[in-house]
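Participant: Structure below; questions to follow.
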Amino acid sequence: MQNQDFTTTILVDQSPEEAFAAINKVSSWWNEDITGSTDTLGSTFKYRYRDVHATTLRIDELVPGKKVVWHVVENYFNFTEDKTEWTGDTIIFEISTKGNQTEVRFSQNGLTPLSECYNVCREAWSHFINESLFALITTGKGDPVAKDDSNENFNEELREKHGIN
C-alpha cells in the first residue's frame, strides 16, 4: 500500500467534453503563470511557483472527452533533498461517464507516500483538482495561483504548515 500512486476523483454534472476542455485550460485551475501550449499533443508547457517549484511537462496523450496524459520532463523543488523529485512521473486525467455524471480521475504515477514531497503535493493536488478544477468545470471559474500570488491564501497556508519559504 505504501507504493500506491496519488489519485483523487471528482464527479461533475457536465459532459466529458466539457471536463476535457477545462483540464486543458491549465492556467484557469492550477496556476496563471503557465507558459507554452497546454492543449496540443506533443507540446511542452512550464509551471512555476515562486522559487519553490518549477516543472516542465510534455503532453503525451490527448483523447477528447476521455484522457489527458502529461510526462514530467524536468522538475525542481526548493524544499526537498532530491530537487528533481517528480522528474519522469506521469500525470493522468481519465474521464468517464458514471450514470448521468462525468468522473475525472487524476493520478500522478510516481507520487507515492514514499516521496519526500508527498504530503505537500497531496494537499496541493487535492486542492487544485477537488476544488479549483471542479469549480472550473462546474461554474466556469477555477481558483488558480495568481501570477503575483499575493492573494493566494491556500498557498500561504500550505507554505506555513510545511515550513516552505
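Participant: Restricting to the stretch 35-62, count the residues that are among the hydrophobic types (A, V, I, L, M, F, W, C), crowded, with 18+ Cβ neighbours inside 10 Å and modelled with pLDDT under 95.
Facilitator: Counting residues in the stretch 35-62 that are among the hydrophobic types (A, V, I, L, M, F, W, C), crowded, with 18+ Cβ neighbours inside 10 Å and modelled with pLDDT under 95 gives 0.
Participant: Enumerate the pairs (first residue in the stretch 62-87 and among the small types (Gly, Ala, Ser); second residue anywhere and not in a loop (DSSP other than H, G, I, E, B)) with beta-carbon separation below 7 Å, excluding pairs fewer than 6 apart on the same chain, so at least 6 apart or on different chains.
Facilitator: Note: pairs meeting the criteria are 65/16; 65/17; 65/20; 65/95.
Participant: Can you find a residue that is at pLDDT below 95, crowded, with 18+ Cβ neighbours inside 10 Å and hydroxyl-bearing (Ser, Thr, Tyr) anywhere in the stretch 24-34?
Facilitator: The answer is no, given that none of the residues of the stretch 24-34 is at pLDDT below 95, crowded, with 18+ Cβ neighbours inside 10 Å and hydroxyl-bearing (Ser, Thr, Tyr).
Participant: Okay, next question. Please work out which one of (1) in contact with a Ser or Thr (Cβ under 7 Å, 6 or more places away or on another chain); (2) closer than 22 Å to residue 22 by Cβ; (3) outside any strand (DSSP E or B) is the condition residue 116 fails and give its number.
Facilitator: Condition (2) is where residue 116 drops out.
Participant: Okay, next question. Answer with yes or no whether residue 4 is out of contact with any strand residue (DSSP E or B) (no Cβ under 7 Å at 6 or more places or on another chain), closer than 24 Å to residue 134 by Cβ, in a loop (DSSP other than H, G, I, E, B) and touching a residue at least 40 places away in the same chain (Cβ under 8 Å).
Facilitator: Spelling it out, residue 4 is indeed out of contact with any strand residue (DSSP E or B) (no Cβ under 7 Å at 6 or more places or on another chain), closer than 24 Å to residue 134 by Cβ, in a loop (DSSP other than H, G, I, E, B) and touching a residue at least 40 places away in the same chain (Cβ under 8 Å).
Participant: Which of the residues that make up the stretch 95-107 are over 15 Å from residue 17 (Cβ atoms), in a strand (DSSP E or B) and of a type in the set (Gly, Ala, Ser)?
Facilitator: Passing the criteria: only 107.
Participant: Scan the stretch 96-107 and report the pairs whose first residue is under 15 Å from residue 63 (Cβ atoms) and whose second residue is among the basic types (Lys, Arg) and part of a strand (DSSP E or B), with Cβ atoms within less than 8 Å and a gap of 6+ or a chain change.
Facilitator: Matching pairs, first to second residue: 96/105.
Participant: What's the total number of residues in the stretch 123-140 that are exposed (fewer than 15 other Cβ atoms within 10 Å of the Cβ) and closer than 24 Å to residue 83 by Cα?
Facilitator: Total satisfying the criteria: 1.
Participant: Of everything in the stretch 103-122, what is more than 20 Å from residue 70 (Cβ to Cβ) and either among the aliphatic types (A, V, I, L, M) or surrounded by 15 or more Cβ atoms within 10 Å (Cβ to Cβ) (or both)? Give them in sequence order.
Facilitator: Once the filter is applied, which keeps residues that are more than 20 Å from residue 70 (Cβ to Cβ) and either among the aliphatic types (A, V, I, L, M) or surrounded by 15 or more Cβ atoms within 10 Å (Cβ to Cβ) (or both), the stretch 103-122 yields only 114.
Participant: If you check every pair at least six apart or on different chains, which have Cβ atoms under 6 Å apart with a residue in the stretch 36-60 that is under 15 Å from residue 83 (Cβ atoms) first and a residue that is small (Gly, Ala, Ser) and surrounded by 15 or more Cβ atoms within 10 Å (Cβ to Cβ) second?
Facilitator: So the pair list comes out as 48/54.
Participant: I would also like to ask the following. When you look at residue 20, is it in a strand (DSSP E or B), more than 17 Å from residue 126 (Cβ to Cβ) and either at pLDDT 95 or above or of a type in the set (Val, Ile, Thr) (or both), yes or no?
Facilitator: No.
Participant: Failed condition for residue 157, given (1) closer than 20 Å to residue 31 by Cα; (2) touching a Cys at 6+ places or on another chain (Cβ under 8 Å); (3) at pLDDT below 95, with all others met?
Facilitator: So the condition that residue 157 fails would be (2).
The values are calculated or read from the model by the stated rules, or taken from the named source; none is laboratory data. Nothing here was measured: the structure is a model prediction, and the numbers come from that model. Backbone-built Cβ (ideal geometry, glycine too); neighbour counts: all protein chains shown.
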